[in-house]
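One structure below.
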Amino acid sequence: MKVWIGLLGAAFLPLVSFAQRPAVHSLHITEPVVIDGLLTESVWSVPGFSDFRQKDPRQGEAPTERTEVWVAYDDGALYVAARMYDAAPDSIMRILSRRDAFVTADQFAVYLDPYHDGRSGYYFSVTAAGAISDGVMYNDDWTQSSWDGVWESAVNVDEQGWTVELRIPFSQLRFHEQKDHVWGINFKWVIGRKNEFDYMVFTPRNESGFVSRFGTLNGIRDISPGGAVELLPYVNTRAEYIRSQPGDPFHSGSRYFPGVGADLKVGLTSNLTLNATVNPDFGQVEVDPAVVNLSDVETFFSEKRPFFIEGANIFEFGYGGSNNFWGFNWSNPTIFYSRRIGRSPQGGLPSFDYADLPLGTHILGAGKLTGRVFDQWKVGTIHAVTRREFAEIQSSGQRSSVEIEPLTYYGIARIQRDFDEGKQGLGIVSTYTRRSFADQRLRDQVNAGAVVGGIDGWAFLDDDKAYVITGWAAFSHVSGSRTRMTALQRNSTHYFQRPDARHVEVDSSATSLTGYAGRIMLNKQKGPVILNAAIGVVDPKFDVNDLGFQSRTDLINSHVVLGYKWTDPTAYYRSLRIQASTFANFDFGGNKIWHGYWMNTYLEYPNYYWTAAGFAYNPFTYDIRRTRGGPMMLTLPGREFWMETGTDSRNNVVASIFGFTYMRTDEAEWQIEANIEWKPAPNVSVTAGPYFSKDRTKAQWVTSVADPLAGQTYGTRYVFATLNQTSVGASMRLNWTFSPQLSLQVYMQPLISVGDYHDYKELKAPRTFNFLKYGTEGSSLTEAVGPDGGVEYQADPDGAGPAPGFVFPNPDFNITSIRGNAVLRWEYRPGSTFYLVWTRSSFGSSPDGRFSFRRAVDRLIETETDNIFMVKFTYWFSM
């Protein structure tokens, strides 16, 4: 490859060696650079770097248009300028979007690897309309857009094409302290209408590794980011207008909350950054989607709070080295789940007539230290304290205050290092949780403390980095009162009380629980052949839920994936991929609890439309969770099929449609959903994602009832029913960007979900799918009116026989919900932002299992809503 480097005095040097990577030499400048996109400064007046190559659509060929890029620096910042020539400037895709939004548009990006480690760095991207995005790179191939630096850019479109200028302060970057710097660098130019991606250096198809391929940036001397201090104070006001019950002494229907706080960022050295937050406010984040969870597993919600998502990749555990991770019913424990900090209070309440509970736990303060020590070791640590939370309750006219969450400290420490240019890696993580109880009642409801530790790493098996082994191992130790530890052993994560499990049992004298988990995986990184295999274990006593997320234990999981991909475009397709796998799960007692065979294919057509489809088959296995702490049940064979197809993202209307079905003797589920994006203007995007699903299962858990005469099922009757569930919903967004600094985002999610339970029955015997249907074989089931006026059922498993009858409430449900928010964001100066936020929610439910779309829509409209308005003002200081 021939590489041209323009001459800037002696600043830009030619490089013509095929054996060397492309290089750019940066000149130290003293003249001021005005960031206006016009390129009028003399530093941009000489030939620049222009030897780009296409990655797509014609890999390795010269671009269809020419580009020139220049790099310079002064004592405080790096400057990048580029001219993108275009023979049809009126066809440039000038798409204006909110920050960090993914759009198909003409854009220019610079990638920097200041540590020159070939695995990590930063990226800065600007569209031809001036919209910006930035983020960090890690693990050589991966990016994360949660990092938001404070930098400047400007663009200009003229008769030759368009130009861009960027000013990136050194205070926003981290690098080694040294006199002469050599960084990794790369450029990307996207011609939107052609779907053309041009790079300084690119990752070829069927290859891996991106940062490790970068060119070099030379010439930077005597710079330092250390000592930079950034202060971001805020003031806000929140007004809540929420529904209240008649006579509620705590809620009059409106409340007002002023707030003040600050975020602090200090560059302790060129390698270490300290972030701290006092009385943080997260009111501008998007609301969580509404879900109807009928399982025994907690719903996982993504983190959306800026303090925690920025730099979150530092705390990822077990994902280094490999560029592909497969699961196949592997419930991977998340060692650090930042949403535990500020979670909803966990303590229970005594009986009450009215109550005022906080929605979340208030974070008194939090600090985060990230960067590198001893040049090569990447470190990260977070420390946070949440305050003691109380609920105000009134019972029989008497008010009292009840502690529902103790004062809690949360901490995590992470350290990791790469060796031999990223061919090996080693990391350690540890989390610590400690609670201080003022109300001793909470000791029996919440863990007193927890410690988790783990080690992870990877090793490439060959010099070409084609095969890599990735693995991790961890332990957990949870402590608390005997009552609390007994409840922990019996909860849905562990189910130690399962009567037919010989490898676990409840220890009512325990005051702690200690367990382990781990996984090892082999992945083929390069070439057309796909290979991935893994085996993982989660000990029954492993528990990370104090500061992590984990849905189940008692698991041994394994899989093997094989496939092939065709990546060279032809007249019939642009790319094609076919994959197949087999997988299995066992518990520690040797029972096969899941097994299957799976096939998947993906096809991209020459016109950039695409189709994906898959099929799976699951043979007979056992289910150790369906009875929710009872004996295992037989799982009948099932078949799954899904298909999805979508259109070219360059179109003004972009659409995709997805269909899914799962069929079993006892279950029939199908779902269809669509996603439609309409771009009526270059700065407006409207997205709608409607979906409809129906699920009929013959064995939905209802309740369990103790009965010594139920000998076949170990003294408990496990009651199930046939459930017909219908759900209709949508996710809708409006993104209206008025300028690169001013944007409006509106999100709304309506949901209707109806469940009709019938054909009530009980499990006849473990390890079977046999039931006694109430009303047959001498049993009876009658419908009655309960004490609250609602429907209840009275079941008697043997009629006139000795077994006692029992009562359970009608589990039918009919739920309507709307959640949404609108956020107006104005960055009135770099780093300083004004927010205006409106959050709306409504929720209605009734025990009516009949589905009527018209009645449900009427309830959506008529149900009273909760409305929260917030104004927030931040001001960024750099010292």
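Looking only at the stretch 594-609, residues that are in a loop (DSSP other than H, G, I, E, B) and open to solvent by 40 Å² or more (accessible area, probe 1.4 Å) come to 4 in all. Search the stretch 50-79 for residues that are more than 20 Å from H28 (Cβ to Cβ) and pair each with any residue that is outside any strand (DSSP E or B) and aromatic (F, W, Y) when their beta-carbon atoms are under 7 Å apart and the residues are at least 6 apart or on different chains. Note: pairs meeting the criteria are S50/W4; D51/W4; R53/F202; K55/F202; P63/F52; T67/F52. The residues of the stretch 844-879 that are assigned to a helix (DSSP H, G or I), in contact (Cβ under 8 Å) with a residue 40 or more places away in the chain and basic (K, R) amount to a single one, R859.
So, in the stretch 531-567, how many residues would count as being without any contact (Cβ under 8 Å) to a residue 60 or more places away in the chain, in a strand (DSSP E or B) and open to solvent by less than 20 Å² (accessible area, probe 1.4 Å)? Counting residues in the stretch 531-567 that are without any contact (Cβ under 8 Å) to a residue 60 or more places away in the chain, in a strand (DSSP E or B) and open to solvent by less than 20 Å² (accessible area, probe 1.4 Å) gives 1.
Please determine, by comparing only the residues of the stretch 188-226 that are among the aromatic types (F, W, Y) and closer than 24 Å to Y608 by Cα, which one is most open to solvent (accessible area, probe 1.4 Å). Out of the qualifying residues, it is F197. Out of the residues in the stretch 489-510 that are surrounded by 19 or more Cβ atoms within 10 Å (Cβ to Cβ) and touching a residue at least 60 places away in the same chain (Cβ under 8 Å), state the one that is nearest to G715 (Cα to Cα). Among residues in the stretch 489-510 that are surrounded by 19 or more Cβ atoms within 10 Å (Cβ to Cβ) and touching a residue at least 60 places away in the same chain (Cβ under 8 Å), the one nearest to G715 (Cα to Cα) is R498. Only a single criterion out of (1) modelled with pLDDT of 80 or more; (2) open to solvent by 50 Å² or more (accessible area, probe 1.4 Å); (3) among the aliphatic types (A, V, I, L, M) is not satisfied by V291, namely (1).
Here A681 passes the criteria (1) touching a residue at least 12 places away in the same chain (Cβ under 8 Å); (2) open to solvent by 30 Å² or more (accessible area, probe 1.4 Å) except the one numbered (1). With the requirement that a residue be open to solvent by less than 50 Å² (accessible area, probe 1.4 Å) and assigned to a strand (DSSP E or B), what does the stretch 511-527 give you? Correct list: S512, L513, G515, A517, G518, R519, M521, N523, K524. Considering the conditions (1) assigned to a strand (DSSP E or B); (2) in contact with a Gly (Cβ under 9 Å, 6 or more places away or on another chain), L709 is excluded by exactly one of them, (1).
Q178: at pLDDT below 95, over 27 Å from the mean Cα position of the chain (by Cα) and open to solvent by 20 Å² or more (accessible area, probe 1.4 Å), yes or no? Taking the combined requirement at face value, the residue satisfies it. All conditions in (1) out of contact with any Gly (no Cβ under 9 Å at 6 or more places or on another chain); (2) open to solvent by less than 60 Å² (accessible area, probe 1.4 Å); (3) more than 24 Å from N329 (Cβ to Cβ) hold for N591, with the sole exception of (3). Consider the stretch 121-153 and keep the residues that are of a type in the set (G, A, S) and open to solvent by less than 20 Å² (accessible area, probe 1.4 Å). The one that is farthest from the chain's Cα centre (by Cα) is A128. Based on this model, can you work out whether D51 counts as in contact with a strand residue (DSSP E or B) (Cβ under 8 Å, 6 or more places away or on another chain) and either over 30 Å from R574 (Cβ atoms) or assigned to a strand (DSSP E or B) (or both)? Taking the combined requirement at face value, the residue does not satisfy it.
Taken over the stretch 154-174, the criterion of being over 20 Å from V211 (Cα atoms) and open to solvent by 10 Å² or more (accessible area, probe 1.4 Å) is satisfied by A154, V155, N156, V157, D158, E159, Q160, R167, P169, S171.
Looking only at strands (runs of 3 or more DSSP E) that fall completely inside the stretch 134-214, which ones have 1 or more residues that are more than 19 Å from A105 (Cα to Cα)? Outline the logic, then answer.
On the way: elements: 142-144, 152-158, 161-169, 180-191, 196-199.
Ranges flagged: 142-144, 152-158, 161-169, 180-191.
Once the stretch 227-261 is narrowed to residues that are in contact with a Leu (Cβ under 8 Å, 6 or more places away or on another chain) and buried (at least 17 other Cβ atoms within 10 Å of the Cβ), the residue that is farthest from L369 (Cα to Cα) is L232. Please state which one of E61, E68 is open to solvent by 10 Å² or more (accessible area, probe 1.4 Å) and in a strand (DSSP E or B). Result: E68 is the single residue among E61, E68 that is open to solvent by 10 Å² or more (accessible area, probe 1.4 Å) and in a strand (DSSP E or B).
From the list R639, R626, R650, the one residue that fits, being within 30 Å of H494 (Cβ to Cβ) and either open to solvent by 60 Å² or more (accessible area, probe 1.4 Å) or over 24 Å from the mean Cα position of the chain (by Cα) (or both), is R626. Of the candidates T722, T737, T713, the single residue that is within 30 Å of I95 (Cα to Cα), modelled with pLDDT of 95 or more and open to solvent by less than 10 Å² (accessible area, probe 1.4 Å) is T737.
Counting the residues of the stretch 779-801 that are farther than 15 Å from R717 by Cβ and in contact with a Gly (Cβ under 6 Å, 6 or more places away or on another chain) gives 1. For first residues located in the stretch 376-390 and within 18 Å of S120 (Cβ to Cβ) and of a type in the set (A, V, I, L, M), partners that are open to solvent by less than 30 Å² (accessible area, probe 1.4 Å) and at pLDDT 95 or above and lie 6+ apart or on another chain with Cβ distances below 8 Å form the pairs V379/R414.
The values are calculated or read from the model by the stated rules, or taken from the named source; none is laboratory data. Computed from a prediction, not measured in an experiment: that's the story for all the values here. Cβ sites come from the backbone with ideal geometry, for glycine too, and all protein chains shown count toward neighbours. Just so you know, the surface numbers come from the protein's heavy atoms only, side chains and all, with ligands and any DNA or RNA stripped out. Shrake-Rupley method; radii C 1.70, N 1.55, O 1.52, S 1.80 Å.
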